[in-house]
Amino acid sequence: MLRKKVFFWVSVFMIFVMMTCAVFAAAPTFKIGVVTGTVSQNEDEYRGAEAAIRKYPGLIKHVTYPDNFMQEQETTIAQITGLAADRSVKAIVVNQAIPGTVAAIRKVKETRPDIIFIAGEPHEDPPMLERYADAALISNNRARGKSIVQLAKKMGAKKFLHYSFPRHMSYQQLAERRDIMRQECAKLGLEFIFVTAPDPMGEGGIPAAQQFILEDVPRQVAKHGKDIALFSTNCAMQEPLIAAALKTGAIVPEQCCPSPTHGYPGALGLEITQDMKGNFPKIAQEISKEIAKKGAAGRFATWPVATGYLNTTAGVELAKLAVEKKIKLSDIKAVQQTVEKNTGHKMQFERLSNKGNYYMYLVDSIVF
Amino acid sequence: MKRGGVEVRSFGYFLQLRTGVFSRSMVPAFFAVLCIIGVVVAKLDLNYLINEIFTRLGRNTFLVLSLLIPVVAGLGLNFGIVIGAMAGQIALVIVTHYRIEGLTGLAVAMLIALPLAVLFGWLTGLVLNKAKGREMVTGMILGFFANGLYQLIFLVLVGTVIPMNNPTLLLPSGIGIRNTVDLIGVANALDRALDGIWDGLIMFDLGPIPVGPWRIPLGTWLVTGLLCGGISFLMKTRLGQQMRAVGEDGHIASVAGIPVNRIRITAIVYSTVLAAWGQLIFLQNIGTLNTYNSHEQIGMFSIAALLVGGASTRKAGIGNAILGVFLFHTLFVVSPLAGQAVFGIPQIGEYFRVFLAYGVIAVALVLHAWQNRLPAKG
């Protein structure tokens, strides 16, 4: 009886609210929806969205996907479909395109087939995603399988340690990259070691995964010597990995998502001041100084651009041009030029297959 | 309580006096107020909200209903529904592998999931009988354990021990299932099952106010309705009465000659089977299977929804389930946007949502603990 009463009052209120605050989105031009993680997941992609908002005031509608995205897929879908509910939104950039993105794209395209989707760093199966997203941007993981090992060797590594866990190894590209790394190691005479770390999305969460890295790196270095290159497939593990490598003298040739801001500032205790924000050459310079101070020069490397940042900013750029019909997203040359202009670095672009616009890129590394 | 001659009432007692019989609806009422505030603050497009809630009522209610039977049988909230969900997913992978599509595909998946879920439920029941009084935490840990087994099977055994040759499902190495499986074959199969009669689309203009587009997942609503009827019927049968008796007091029930352990296992088996089917309904609506994580999403959120609907670990009804899904998911849709609208920073929306969603689950639990104490004190 009482529940019925509550039900009744809720309905009455809902109708009342509906009558009073019908929302009219009367925007003269179009908008671009941007979905990124919060700064606790991967700061770069979020800062990229902020930069895009500064560059194009009024154009961007920015929302975030859940921190706990593996468990809260429904929220991800709701956030994306929520953007599409705004009639003025003509394109949506999802970076990172976490699980649920394909489902959301499908739901949106049911009623809004006109919306253009750009996916940054897709997590879902590439052959599936490329059928639905209008374009995807991701670092070329297959090519990195070779380039990271080659760089590690150049930096003096004799062994190569790969940290990951079953969930990541079910990602096609990550599994493939691991296999390529193993082959490349065999070719270059490096010993390949695979270590399973706790999944940060598992019961122990991120703290358990980070603690494991902090404890395991000294163990591995004691066992295999200092000339071991460390690599982990997970974002949350980069900071402890770099910190532990600094302490033990090991080598870190590249992070999972190459970027000067990924893991380095935290591990080095480097403060990103106002004038450094978004200025990647300056940040790289500061990191270089800090590492040299700690006597570890030549043992650490990364890309000069932040992939998370560039996926958002270049994604917005591509989306804007595509909505204005100034670019064909299937034109790899034009896309490459746009992204290169956005980052200020030469890049190598590759397409996954002819079934879609799944673009994979590579940038030359800098050694600190 | 007398202190210095002045009678001091506990806060709980005060609350009881003030709210009287209304206290049973305290949790849902609290949530309803939060939802309404959220809707007003977020200036939400109500057509979007209503459509989203229609979808989620279809997507989630069946799963939440699967929790009811163990509550009646005194097993508390069955965190073990995660295991049932795994059975559903195994069936879906098989159906996708053999390319059985549409409503037939879904029906076959339900049939395949049935024996698996019965087996899993039976095993869960056996374990829970050994852990009387701690069923909830045991069920939760069992879920983690089963997750490990599930990963082992799908990542390592498929392609090695279990022969399978399907490049669209397997990783390029030929071992292990991909992390996402496209369920395009069964996507919306049940939601749109009644399209022949009416496709469930509501869209018209009420004077200047546009209404819709809302899409009612008619088939799913119908099946969920049937389940509600089924559960009510079950509770009236002899088995239902026995479950109730076991739930009230296991000792008295066993003295009365009711096979307590068997009844408890039966309750868990029912719940696990319903969870497997519920997961199938959930996934046919989402349209993609997140092979290694889809099941993890359901336990906690189904339970939270039921609690929000005013149920407790000892008492839960169909009304609680439906009201709970309605309120919990409204809050989930509204809170990130409300947070963003209030603070003006997108990521605060996410933090606000997490704070609110998990905070209120905690509040719901605390309020229940309170209510449980009230009769004892009063």
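Could you pull out every one of the strands (runs of 3 or more DSSP E) wholly within the stretch A:100-204 that has 2 or more residues that are modelled with pLDDT of 90 or more and assigned by TED's automatic domain parsing to the domain that holds A:Thr313?
Where strands (runs of 3 or more DSSP E) fall fully within the stretch A:100-204 and carry at least 2 residues being modelled with pLDDT of 90 or more and assigned by TED's automatic domain parsing to the domain that holds A:Thr313, they are A:116-120, A:135-139.
Can you name the residue in the stretch A:318-368 that is of a type in the set (Gly, Ala, Ser) and out of contact with any strand residue (DSSP E or B) (no Cβ under 7 Å at 6 or more places or on another chain) and, of all such residues, is nearest to A:Leu151 (Cα to Cα)?
Once the filter is applied, the top-ranked residue is A:Gly344.
Residues checked against (1) of a type outside the set (A, V, I, L, M, F, W, C); (2) more than 14 Å from every other protein chain (Cβ to nearest Cβ):
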residue	(1), (2)
A:Met128	no, no
A:Arg131	yes, no
A:Ala135	no, yes
A:Ile138	no, yes
A:Gly145	yes, no
A:Lys158	yes, yes
A:Phe165	no, no
A:Gln172	yes, no
A:Arg178	yes, no
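Take the residues of the stretch B:332-354 that are touching a residue at least 12 places away in the same chain (Cβ under 8 Å) and away from chain A (no Cβ under 11 Å): which is nearest to the chain's Cα centre (by Cα)?
Taking the candidates together, the pick is B:Ala338.
Can you spot a residue in the stretch A:204-227 that is among the basic types (Lys, Arg), more than 26 Å from B:Gly174 (Cα to Cα) and without any contact (Cβ under 8 Å) to a residue 24 or more places away in the chain?
yes
Return the total of residues in the stretch A:283-317 being of a type in the set (Lys, Arg) and either modelled with pLDDT under 90 or within 22 Å of A:Phe231 (Cβ to Cβ) (or both).
Qualifying residue count for the region: 2.
For the subset of the stretch B:162-182 comprising residues that are under 30 Å from the mean Cα position of the chain (by Cα) and touching a residue at least 24 places away in the same chain (Cβ under 8 Å), which member is surrounded by the most Cβ atoms within 10 Å (Cβ to Cβ)?
B:Thr180
Run down B:Ala369, B:Ala267 and say which single residue is modelled with pLDDT of 85 or more, in a helix (DSSP H, G or I) and not β-branched (Val, Ile, Thr).
B:Ala267
Just checking, does the stretch A:339-353 include any residue being more than 21 Å from A:Pro281 (Cβ to Cβ), at pLDDT below 95 and part of a loop (DSSP other than H, G, I, E, B)?
The answer is yes; a qualifying residue exists.
Go through the stretch A:29-44 and count every residue that is more than 11 Å from every other protein chain (Cβ to nearest Cβ), outside any strand (DSSP E or B) and surrounded by 17 or more Cβ atoms within 10 Å (Cβ to Cβ).
Looking only at that region, the number is 2.
Are any residues in the stretch B:25-57 more than 8 Å from chain A (Cβ to nearest Cβ), surrounded by 23 or more Cβ atoms within 10 Å (Cβ to Cβ) and under 19 Å from the mean Cα position of the chain (by Cα), and if so, which ones?
Matches in the stretch B:25-57: B:Val27, B:Phe31, B:Thr55.
Restricting attention to the stretch B:202-214, which residues are surrounded by 14 or more Cβ atoms within 10 Å (Cβ to Cβ) and free of Cβ contacts under 8 Å to residues at least 60 places away in the same chain?
B:Ile202
Determine if the stretch A:107-118 includes at least one residue that is over 30 Å from A:Ala297 (Cβ atoms), within 17 Å of the chain's Cα centre (by Cα) and surrounded by fewer than 21 Cβ atoms within 10 Å (Cβ to Cβ).
No, the stretch A:107-118 has no match at all.
Does at least one position in the stretch B:300-314 carry a residue that is outside any helix (DSSP H, G or I) and free of Cβ contacts under 8 Å to residues at least 60 places away in the same chain?
For the stretch B:300-314, residues outside any helix (DSSP H, G or I) and free of Cβ contacts under 8 Å to residues at least 60 places away in the same chain: absent.
Under the condition of being more than 8 Å from chain B (Cβ to nearest Cβ) and in contact (Cβ under 8 Å) with a residue 40 or more places away in the chain, which residue from the stretch A:56-75 is nearest to the chain's Cα centre (by Cα)?
A:Ile60
Restricting attention to the stretch A:289-302, which residues are surrounded by fewer than 17 Cβ atoms within 10 Å (Cβ to Cβ) and under 23 Å from the mean Cα position of the chain (by Cα)?
Matches in the stretch A:289-302: none.
Might you let me know whether the stretch A:65-74 holds any residue that is over 19 Å from B:Ile184 (Cβ atoms) and at pLDDT 90 or above?
yes
I'm trying to understand the selection: among the residues of the stretch B:315-337, which are assigned to a helix (DSSP H, G or I), at pLDDT 85 or above and among the aliphatic types (A, V, I, L, M)?
Listed by number, the residues that qualify are B:Ile318, B:Ala321, B:Ile322, B:Leu323, B:Val325, B:Leu327, B:Leu331, B:Val333, B:Val334.
Taking strands (runs of 3 or more DSSP E) that fall entirely within the stretch B:127-245, which contain at least 2 residues that are within 14 Å of chain A (Cβ to nearest Cβ) and within 26 Å of B:Val95 (Cα to Cα)?
B:180-182
Has the stretch A:112-125 got at least one residue that is facing another protein chain (nearest Cβ under 10 Å) and among the aliphatic types (A, V, I, L, M)?
no
The values are calculated or read from the model by the stated rules, or taken from the named source; none is laboratory data. Computed from a predicted structure; not experimentally measured. Please note: Cβ atoms are built from the backbone with ideal geometry, for glycine as well, and neighbour counts cover all protein chains shown.
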